[in-house]
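Data block below; observations after.
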Amino acid sequence: MEAFSKHKGLVAVLDRANVDTDQIIPKQFLKSIRRTGFGEALFYDWRYLDDGSDNPDFELNHPRYKGASVLVVRNNFGCGSSREHAVWAVAQYGLKVLIAPWREASGQRISGFADIFRNNCTKNGVLTVELSEDEVSKIMDLVRASEGLQMTADLPAQKLIFHLPKELVFSFDIDAGLKEYLLKGLDDIGSTLGYEADISAFEKKHDPQMAK
């Protein structure tokens with residue numbers, strides 16, 4: 001997996017909450033056992049009309065968002081089933097950074113992303129950033145008012161830098177383990193292989209025969 005340190009790209013807005021994984025990648029595309037070719041199916045039911053042509057009313061089909069690699073969404077993005085295909089579609093479409101708001105309810109902080117979806121993003125080199133609802137709303141307003149707005153995500157510094165005439169910066173928190181995975185370009189297998197020498201040393205000393 002490619003390591004993630006900094007990324008600069010065009011920002012797009014998908015102003016929808018509770019976008020589940022079936023909306024991100026519908027179930028009919030889960031038959032493939034290959035991990036390629038899912039980008040064209042991202043948001044399939046919203047993105048295309050019945051005849052297969054682009055839906056001009058869908059946000060990401062607007063010309064101003066062509067080539068966007070940063071997507072700002074609403075709360076609870078990636079809820080629903082745990083299908084990793086959803087993240088494959090996100091990554092293969094070209095999205096490198098997702099931004100969603102956390103919110104507070106009954107004294108508890110509710111994540112902007114479903115947990116399994118967020119973890120799958122990390123394993124596929126996609127950075128998920130949570131900001132407050134007010135901050136995300138401000139960013140959405142800025143994107144709508146500033147066509148072609150570019151943003152740099154600086155993971156080591158944990159900052160989002162919006163390139164306006166006067167740059168606007170937002171700081172974000174991220175789990176230290178997820179940050180390390182992204183910076184080193186690791187998934188679970190890659191992390192395990194980092195201990196290959198220790199595993200080999202253990203296997204050489206370990207008696208594989210069960211005690212009688």
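The values are calculated or read from the model by the stated rules, or taken from the named source; none is laboratory data. Values in this document were obtained by computation on a predicted structure and should not be read as measured data. Note: ideal-geometry Cβ built from the backbone for every residue, glycine included; neighbour counts use all protein chains shown.
So which residues in the range 166-180 are touching a strand residue (DSSP E or B) at 6+ places or on another chain (Cβ under 9 Å), in a loop (DSSP other than H, G, I, E, B) and over 22 Å from ALA68 (Cβ atoms)?
ASP173
Could you run through the range 38-76 and say how many residues are under 14 Å from VAL87 (Cβ atoms) and either of a type outside the set (A, V, I, L, M) or in contact with a Cys (Cβ under 7 Å, 6 or more places away or on another chain) (or both)?
Within the range 38-76, residues that are under 14 Å from VAL87 (Cβ atoms) and either of a type outside the set (A, V, I, L, M) or in contact with a Cys (Cβ under 7 Å, 6 or more places away or on another chain) (or both) number 3.
Of all the residues that make up the range 7-39, how many are under 13 Å from ALA91 (Cβ atoms) and touching a helix residue (DSSP H, G or I) at 6+ places or on another chain (Cβ under 9 Å)?
Residues in the range 7-39 being under 13 Å from ALA91 (Cβ atoms) and touching a helix residue (DSSP H, G or I) at 6+ places or on another chain (Cβ under 9 Å): 7 in total.
Restricting attention to the range 129-171, and to residues there that are touching a Lys or Arg at 6+ places or on another chain (Cβ under 7 Å) and charged (D, E, K, R), which single residue is nearest to ILE110 (Cα to Cα)?
Taking the candidates together, the pick is GLU133.
Looking at the range 7-23, can you tell me whether even one residue there is without any contact (Cβ under 8 Å) to a residue 24 or more places away in the chain and assigned to a loop (DSSP other than H, G, I, E, B)?
No, there is no match, as no residue in the range 7-23 is without any contact (Cβ under 8 Å) to a residue 24 or more places away in the chain and assigned to a loop (DSSP other than H, G, I, E, B).
Scan the range 167-176 and tell me whether some residue there is within 16 Å of the chain's Cα centre (by Cα), modelled with pLDDT under 95 and either under 30 Å from MET140 (Cβ atoms) or among the polar types (S, T, N, Q) (or both). Before the answer, list the steps.
At the first step, the residues of the range 167-176 found to be within 16 Å of the chain's Cα centre (by Cα) are 172-175.
Subset that is modelled with pLDDT under 95: 175.
When the remaining residues are screened for being either under 30 Å from MET140 (Cβ atoms) or among the polar types (S, T, N, Q) (or both), the result is 175.
Yes: the range 167-176 contains one or more residues that are within 16 Å of the chain's Cα centre (by Cα), modelled with pLDDT under 95 and either under 30 Å from MET140 (Cβ atoms) or among the polar types (S, T, N, Q) (or both).
Yes/no per residue for (1) at pLDDT below 95; (2) under 19 Å from ALA100 (Cα atoms); (3) assigned to a strand (DSSP E or B):
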| site | (1), (2), (3) |
| --- | --- |
| SER137 | no, yes, no |
| ASP141 | no, yes, no |
| ARG144 | no, yes, no |
| THR152 | no, yes, yes |
| LEU164 | no, no, no |
| ILE189 | yes, no, no |
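In the range 100-120, which residue that is out of contact with any Lys or Arg (no Cβ under 6 Å at 6 or more places or on another chain), assigned to a strand (DSSP E or B) and at pLDDT below 95 is surrounded by the most Cβ atoms within 10 Å (Cβ to Cβ)?
Keep residues of the range 100-120 that are out of contact with any Lys or Arg (no Cβ under 6 Å at 6 or more places or on another chain), which gives 100-101, 103-109, 111-120.
Now narrow it down to the ones that are assigned to a strand (DSSP E or B): 100-101, 103-105, 108-109, 113.
Next, only the ones that are at pLDDT below 95 stay: 103-105, 108-109.
On the way: ARG103: 18, GLU104: 10, ALA105: 7, GLN108: 7, ARG109: 10.
Filtering first and then ranking leaves ARG103.
Here are some conditions: (1) in contact (Cβ under 8 Å) with a residue 60 or more places away in the chain; (2) surrounded by fewer than 19 Cβ atoms within 10 Å (Cβ to Cβ); (3) part of a strand (DSSP E or B). SER81 meets all but one. Which one does it not meet?
If we test SER81 against (1) in contact (Cβ under 8 Å) with a residue 60 or more places away in the chain; (2) surrounded by fewer than 19 Cβ atoms within 10 Å (Cβ to Cβ); (3) part of a strand (DSSP E or B), just (3) comes out false.
Can you list residue pairs whose Cβ atoms sit under 7 Å apart, with the first residue in the range 140-160 being within 26 Å of THR122 (Cβ to Cβ) and the second being among the small types (Gly, Ala, Ser) and surrounded by fewer than 17 Cβ atoms within 10 Å (Cβ to Cβ)? Count only pairs 6 or more apart in sequence or on different chains.
Cβ pairs passing all conditions: LEU155/SER5; PRO156/SER5; GLN158/SER171; LYS159/SER171.
Could you tell me whether GLY37 is small (Gly, Ala, Ser) and more than 30 Å from PHE162 (Cβ to Cβ)? Walk me through how you get there before you give the answer.
On the way: small (Gly, Ala, Ser): yes; more than 30 Å from PHE162 (Cβ to Cβ): yes.
For GLY37, the condition - small (Gly, Ala, Ser) and more than 30 Å from PHE162 (Cβ to Cβ) - is met.
With the requirement that a residue be crowded, with 22+ Cβ neighbours inside 10 Å and either at pLDDT below 95 or in a helix (DSSP H, G or I) (or both), what does the range 121-135 give you?
CYS121, THR122
Taking the residues in the range 1-25 that are among the hydrophobic types (A, V, I, L, M, F, W, C) and over 14 Å from ILE139 (Cβ atoms) as candidates, determine which candidate is surrounded by the fewest Cβ atoms within 10 Å (Cβ to Cβ).
From the range 1-25, those among the hydrophobic types (A, V, I, L, M, F, W, C) are 1, 3-4, 10-14, 17, 19, 24-25; that's our starting set.
Subsequent filtering for residues that are over 14 Å from ILE139 (Cβ atoms) retains 1, 3-4, 17, 19, 24-25.
On the way: MET1: 16, ALA3: 12, PHE4: 20, ALA17: 15, VAL19: 23, ILE24: 26, ILE25: 24.
The selected residue is ALA3.
What number of residues within the range 26-50 are part of a helix (DSSP H, G or I), at pLDDT below 95 and either polar (S, T, N, Q) or surrounded by 12 or more Cβ atoms within 10 Å (Cβ to Cβ) (or both)?
2
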